[in-house]
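S.K.: Here it is, the structure, as structure tokens.
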Ligand code: HEM
């Protein structure tokens, strides 16, 4: 690679070409302008593995996942939606670094390898239950019938919610994700209403766990509350964060992974013949089409990015999905190869904010796809083209995924 620093070029991620093929768009940017400027988003973009890794490790940049749409509202609207804002400000990763460390230490008490082992048989049961419900029909929509309910049920289990309230959790999750939508006021109001309902509900469970702790997240939080480490408000806000962080992401990994298998019948056959490859196949799905493809940062001090000075207070997008296909690190990066050695995939981030649920999401996807392929040997797509919907700022997710078996 040349040591010459390329100029910073402008790009528009909202052209039809960029939205239709985000990977091709990012390949072009990586080759032409390692630090790129997105005028329509008022933000820089990094695409090379080395630059994204350096940025993830750089403590002069903090997370900027908090909905920028909230900041663009009028003062009256901001007042009306103050609860959403206050709540998100308590989410770990959106807090000042000292609070972030406090929440992280605390949640690491719960997110242990033992917790993943404990949940594994439940994930198997949930997957079988969901497949039992559609088995006789010979067809299903994987998004609606499997990929969305599964991680939601797992989070319900982690929160200690009774089975009868699982559907309620999915409804809250659907509404609350509106906070990260396009800023539609009605959507934001609905998100706030559901957030209030979910907070009230979680407070009831919290009260119970104070009296009689169990093996769930709220019990961990309530023990920490007794030690003076966390408040009830912080605990319930961070339970909502777990729902937000672990639901749609895991669902999208399951659906995107399945589409990759359908698009590469040789790899699907290879997996069917060698189910032991499943954990590596999940890594390759994360690399080729992982959710959370682009994450945000803000510079707290002046920094140098890809050889260019960038002042404090600038928004930077880190394209994990582009880093995962950087030919400098991954030979033949566009080839989906489920036997590829697991290495340097950035789909769960790195460093300070590394995903707490990474092992859980890997296990859920592994178990879910393993059982799905095992139970339905004739599983096949029932669509002409995948129903991709563009996501902000760059990327895509499936709205539906009809299959027959
Ligand atoms: C395939 C599924 C998932 C993907 C691709 C994913 C991705 C990520 C990424 C990229 C980050 C870092 C964000 C940043 O650096 O700004 C992150 C953080 C986080 N994730 Fe995940 N995640 C997934 C599943 C989950 C699950 C299942 C949970 C828990 C139930 C979870 C909980 C979290 C939490 C709490 C953080 C914040 C960590 C911190 O700030 O220290 N994630 N995730």
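S.K.: If I filter the range 43-56 for residues that are surrounded by fewer than 21 Cβ atoms within 10 Å (Cβ to Cβ), in a helix (DSSP H, G or I), away from the ligand (no atom under 16 Å from the Cβ) and within 21 Å of the chain's Cα centre (by Cα), do I get at least one hit?
M.R.: No, the range 43-56 contains no residue that is surrounded by fewer than 21 Cβ atoms within 10 Å (Cβ to Cβ), in a helix (DSSP H, G or I), away from the ligand (no atom under 16 Å from the Cβ) and within 21 Å of the chain's Cα centre (by Cα).
S.K.: Kindly indicate the residue of the range 85-117 that is more than 10 Å from the ligand (Cβ to nearest atom) and within 16 Å of residue 232 (Cα to Cα) and also surrounded by the most Cβ atoms within 10 Å (Cβ to Cβ) among those meeting that condition.
M.R.: This residue is 87.
S.K.: Of all helices (runs of 4 or more DSSP H) completely enclosed by the range 155-233, which ones contain at least 1 residues that are out of contact with any helix residue (DSSP H, G or I) (no Cβ under 8 Å at 6 or more places or on another chain) and closer than 14 Å to residue 87 by Cβ? If you could, list the steps in order and put the result at the bottom.
M.R.: Numbers: elements: 166-176, 185-211, 217-226.
Helices (runs of 4 or more DSSP H) meeting the threshold: 185-211.
S.K.: Here is a check on your reading of the model: is residue 369 within 30 Å of residue 117 (Cβ to Cβ) and crowded, with 20+ Cβ neighbours inside 10 Å?
M.R.: Working: within 30 Å of residue 117 (Cβ to Cβ): yes; crowded, with 20+ Cβ neighbours inside 10 Å: yes.
Answer is yes for this residue.
S.K.: Pull up the range 87-96, narrow it to residues that are touching a helix residue (DSSP H, G or I) at 6+ places or on another chain (Cβ under 8 Å) and free of Cβ contacts under 8 Å to residues at least 40 places away in the same chain, then point me to the one that is nearest to residue 241 (Cα to Cα).
M.R.: So the first thing to find is which residues in the range 87-96 are touching a helix residue (DSSP H, G or I) at 6+ places or on another chain (Cβ under 8 Å), and the list is 87-88, 90-95.
Adding the requirement that they be free of Cβ contacts under 8 Å to residues at least 40 places away in the same chain leaves 94-95.
Values: 94: 10, 95: 12 Å.
Among residues in the range 87-96 that are touching a helix residue (DSSP H, G or I) at 6+ places or on another chain (Cβ under 8 Å) and free of Cβ contacts under 8 Å to residues at least 40 places away in the same chain, the one nearest to residue 241 (Cα to Cα) is 94.
S.K.: Of 36, 6, which residue is outside any loop (DSSP other than H, G, I, E, B) and within 24 Å of residue 322 (Cβ to Cβ)? Give the steps one after another, and end with the answer.
M.R.: Working: 6 fails: outside any loop (DSSP other than H, G, I, E, B).
Just one listed residue meets the conditions, 36.
S.K.: Just one of (1) at positive phi; (2) in contact (Cβ under 8 Å) with a residue 60 or more places away in the chain trips up residue 332, so point out which.
M.R.: (2)
S.K.: Any residue in the range 343-352 that is at pLDDT below 95 and in a helix (DSSP H, G or I)?
M.R.: Within the range 343-352, one or more residues are at pLDDT below 95 and in a helix (DSSP H, G or I).
S.K.: Let me ask something else about it. Is there any pair linking a residue in the range 242-256 that is under 16 Å from residue 110 (Cα atoms) and in contact (Cβ under 8 Å) with a residue 24 or more places away in the chain to one that is outside any helix (DSSP H, G or I) and near the ligand (Cβ under 7 Å from one of its atoms), with Cβ under 7 Å and at least six apart or on different chains, and which?
M.R.: 245/357; 246/357
S.K.: Can I ask one more? Tell me, which residue of the range 123-142 that is touching a strand residue (DSSP E or B) at 6+ places or on another chain (Cβ under 6 Å) and part of a helix (DSSP H, G or I) is farthest from residue 360 (Cα to Cα)?
M.R.: Among those residues, the one meeting the criterion is 134.
S.K.: Assess whether residue 339 counts as being in a loop (DSSP other than H, G, I, E, B) and closer than 29 Å to residue 182 by Cβ.
M.R.: Details: in a loop (DSSP other than H, G, I, E, B): yes; closer than 29 Å to residue 182 by Cβ: no.
Taking the combined requirement at face value, the residue does not satisfy it.
S.K.: When you go through (1) surrounded by 17 or more Cβ atoms within 10 Å (Cβ to Cβ); (2) closer than 15 Å to residue 283 by Cβ; (3) out of contact with any helix residue (DSSP H, G or I) (no Cβ under 6 Å at 6 or more places or on another chain) one by one for residue 343, which number turns out not to apply?
M.R.: So the condition that residue 343 fails would be (1).
S.K.: Being touching a helix residue (DSSP H, G or I) at 6+ places or on another chain (Cβ under 9 Å) and not in a helix (DSSP H, G or I) is the filter; apply it to the range 311-322 and report the residue that is nearest to the ligand (Cβ to nearest atom).
M.R.: 318
S.K.: Which one of these does residue 325 not meet: (1) away from the ligand (no atom under 15 Å from the Cβ); (2) more than 18 Å from residue 48 (Cβ to Cβ); (3) crowded, with 19+ Cβ neighbours inside 10 Å?
M.R.: The number of the failed condition is (2).
S.K.: Here are some conditions: (1) over 20 Å from residue 139 (Cα atoms); (2) part of a helix (DSSP H, G or I). Residue 368 meets all but one. Which one does it not meet?
M.R.: Only one criterion is unmet by residue 368, namely (1).
S.K.: Can you tell which of 358, 385 is surrounded by fewer than 17 Cβ atoms within 10 Å (Cβ to Cβ), without any contact (Cβ under 8 Å) to a residue 40 or more places away in the chain and more than 11 Å from the ligand (Cβ to nearest atom)? Full working, then the answer.
M.R.: Working: 358 fails: more than 11 Å from the ligand (Cβ to nearest atom).
Of 358, 385, the one residue that is surrounded by fewer than 17 Cβ atoms within 10 Å (Cβ to Cβ), without any contact (Cβ under 8 Å) to a residue 40 or more places away in the chain and more than 11 Å from the ligand (Cβ to nearest atom) is 385.
The values are calculated or read from the model by the stated rules, or taken from the named source; none is laboratory data. In this text, all values refer to a predicted model and were calculated from it rather than measured experimentally. Here Cβ is always computed from backbone atoms with ideal geometry, including for glycine, and neighbour counts include all displayed protein chains.
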